[in-house]
1. Going by the alpha-carbon gyration tensor, a ≥ b ≥ c the square roots of its eigenvalues, is segment 30-101 rounded (a/c under 1.5) or, if a/c is not under 1.5, prolate (a/b greater than b/c) versus oblate?
2. By how many nm would the segment from residue 104 to residue 36 lengthen if fully extended, with 0.36 nm per residue of separation less the alpha-carbon distance?
3. Cα extents of segment 15-180 along the three principal axes, largest first, in whole Å?
4. Beyond 15 Å, what percent of the Cα pairs of segment 95-183 remain?
5. Below 8 Å, C-alpha to C-alpha, sequence gap of six or more: please give me the relative contact order for segment 15-180 in percent.
6. Just need the relative contact order of segment 92-183 here, percent rounded to a whole number, with Cα pairs under 8 Å and 6+ apart.
7. Using Cβ contacts closer than 10 Å as the measure, can you line up 112, 176 from fewest to most?
8. Nearest-5 percent of antiparallel DSSP beta bridges in segment 15-180?
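Values quoted throughout were computed directly from the atomic coordinates according to the rules given, and no laboratory measurement underlies them. Treat the numbers as computed from the prediction; the structure is a model and nothing was measured. Note that each Cβ is placed from the backbone with ideal geometry, even for glycine, and that neighbours are counted across all protein chains shown.
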């Protein structure tokens, strides 16, 4: 969201701990749990908060458009990935992000469909911690993880740090497909 507005419920709840987390060498402790219907309002707010490209519009109009786009995206994800499971990333007992995955090919491949963290919670290791949990689970199962990302997305560096490499089958120049084999 733009124009100084924030999604309700995300107003700097991690900001007070930011300095401690940056200097603390211990891994960030998160909880990763399956989302429920009660999480939908948070997931909508997260979607709105992580799409700043609509900031040139009035706040109410942008929020309305983005909530609609969230609903459309969810329908598309569920149509494309029938095994889709959404998870909420919790930090200090509060929702801070989400991770969506789908198992395909007899559960030997896990697709990382989406990962997002509230802007105030970004750059604190929450996505890295969620990704580390996902990779650990995939390694125990012997599963490969695949994802698609735009090549200019800063998350590409995160994925590379976790051992993802570009796959040979990119959908188009605007999409980078990446893959990580089990360790």
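1. Verdict is oblate for segment 30-101.
2. 22.3 nm
3. 44, 39, 32
4. 58 percent
5. Relative contact order, segment 15-180: 20 percent.
6. Normalised by residue count, the contact order of segment 92-183 is 25 percent.
7. The order, fewest Cβ neighbours first, is 176, 112.
8. 85 percent
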